[in-house]
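Colleague: One structure, as structure tokens, below. Some questions next.
The values are calculated or read from the model by the stated rules, or taken from the named source; none is laboratory data. The shown structure was predicted, so the numbers you read here are calculated from the model rather than taken from an experiment. Virtual Cβ from ideal backbone geometry, glycine too; neighbours counted across all protein chains shown. To get the accessible areas, we keep the full protein, side chains included, count just its heavy atoms, and leave off ligands, DNA and RNA. Shrake-Rupley method; radii C 1.70, N 1.55, O 1.52, S 1.80 Å.
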Amino acid sequence: MRVIAGKYKSRQLKAVPTKLTRPTTDKNKENLYNMIGPYFDGGICLDLFAGSGGLGIEALSRGMDELYAVDKQYKAFQVIRENINSLKITNAHVMKADYRKALGTFKEEGIKFSLVLLDPPYGMKVNMDIIHTLKDNGNLMDGCIIVVEDLTEEKLEYEAPFRLIKENNYGITCLQIVKYEEAAM
């Protein structure tokens, strides 16, 4: 696993040594960032089920100003910190927390995200609830891009203020790119 492009291009990342996480392949990561970027002019990124932190670190490498990487597993938390430390990243916040606790913290702190990466364990069926919680808590910037990776059979339907921009299927996995538009409310 490596960083594909940007400031940390070609740098190796550690994977979480457990079967409880499934890292996004380099090929799928490259496809994802080609769909949403490929580069950014600042902003704050949330990687909510971060695993190794690879997707969020890629966003930083490609121009995001700040990263919040969250995972409730201790091994994942450790690997994210190791990956961030090995790259000498100073603009990342790593949280070992359940996603609900993290969402509450973001509400309290009034953090507004311009990129949200959602790749929860398959079968959780929490993506729509998370998206609406972020909206209701005021944590989404107008124009925020939300990336949802889930099983193809569990792909979501969206309505205003969310608009599906792109969708790609990779076997059993579906990748949806969604845009939050306050004006559509």
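Colleague: Among (1) touching a His at 6+ places or on another chain (Cβ under 9 Å); (2) in a loop (DSSP other than H, G, I, E, B), there is one condition P38 misses while meeting the rest; what is its number?
Modeller: The failed condition is (1).
Colleague: Filter the stretch 141-185 for residues that are among the acidic types (D, E), outside any strand (DSSP E or B) and either within 22 Å of N31 (Cα to Cα) or in contact (Cβ under 8 Å) with a residue 24 or more places away in the chain (or both) and give the result.
Modeller: Result: E153, E154, E157, E181, E182.
Colleague: Could you check, for the stretch 85-99, whether at least one of its residues is touching a residue at least 40 places away in the same chain (Cβ under 8 Å), surrounded by fewer than 16 Cβ atoms within 10 Å (Cβ to Cβ) and not hydroxyl-bearing (S, T, Y)?
Modeller: no
Conditions (1) farther than 28 Å from G110 by Cβ; (2) of a type in the set (G, A, S); (3) modelled with pLDDT under 95, marked per residue:
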{"site": "G138", "(1), (2), (3)": "no, yes, no"}
{"site": "G143", "(1), (2), (3)": "no, yes, no"}
{"site": "I146", "(1), (2), (3)": "no, no, no"}
{"site": "L156", "(1), (2), (3)": "no, no, yes"}
{"site": "R163", "(1), (2), (3)": "no, no, no"}
{"site": "I172", "(1), (2), (3)": "yes, no, yes"}
{"site": "E181", "(1), (2), (3)": "no, no, no"}
{"site": "A184", "(1), (2), (3)": "no, yes, yes"}
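Colleague: Another one. Within the stretch 34-49, can you find the residues that are open to solvent by less than 10 Å² (accessible area, probe 1.4 Å) and under 18 Å from Q78 (Cα atoms)?
Modeller: Start the filter on the stretch 34-49 by keeping residues that are open to solvent by less than 10 Å² (accessible area, probe 1.4 Å), which leaves 45-48.
L46, D47, L48, listed by residue number.
Colleague: Still on this structure, please answer the following. Considering only the stretch 6-53, how many residues are within 20 Å of L175 (Cα to Cα), free of Cβ contacts under 8 Å to residues at least 60 places away in the same chain and in contact with a Lys or Arg (Cβ under 7 Å, 6 or more places away or on another chain)?
Modeller: Adding up the residues that qualify gives 6.
Each row is one residue, and each column tells you yes or no for (1) more than 15 Å from I36 (Cα to Cα); (2) crowded, with 18+ Cβ neighbours inside 10 Å; (3) not charged (D, E, K, R).
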residue: M141; (1), (2), (3): yes, no, yes
residue: C144; (1), (2), (3): no, yes, yes
residue: V148; (1), (2), (3): no, yes, yes
residue: E153; (1), (2), (3): yes, no, no
residue: E159; (1), (2), (3): yes, no, no
residue: K166; (1), (2), (3): no, no, no
residue: N169; (1), (2), (3): yes, no, yes
residue: I177; (1), (2), (3): no, no, yes
residue: A183; (1), (2), (3): yes, no, yes
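Quick grid of which residues meet (1) in a loop (DSSP other than H, G, I, E, B); (2) over 27 Å from L103 (Cβ atoms); (3) open to solvent by 10 Å² or more (accessible area, probe 1.4 Å):
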site: K9; (1), (2), (3): yes, yes, yes
site: A15; (1), (2), (3): yes, no, yes
site: P23; (1), (2), (3): yes, no, yes
site: L32; (1), (2), (3): no, no, no
site: E58; (1), (2), (3): no, no, no
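Colleague: Looking at the structure I just gave you, is L117 closer than 22 Å to L164 by Cβ and either touching a residue at least 12 places away in the same chain (Cβ under 8 Å) or of a type in the set (D, E, K, R) (or both)?
Modeller: When the stated conditions are applied, L117 passes them.
Colleague: Check off (1) closer than 27 Å to A183 by Cβ; (2) of a type in the set (G, A, S); (3) surrounded by fewer than 14 Cβ atoms within 10 Å (Cβ to Cβ) for S114 and give me the number that stays unchecked.
Modeller: Checking S114 against (1) closer than 27 Å to A183 by Cβ; (2) of a type in the set (G, A, S); (3) surrounded by fewer than 14 Cβ atoms within 10 Å (Cβ to Cβ), the one that fails is (3).
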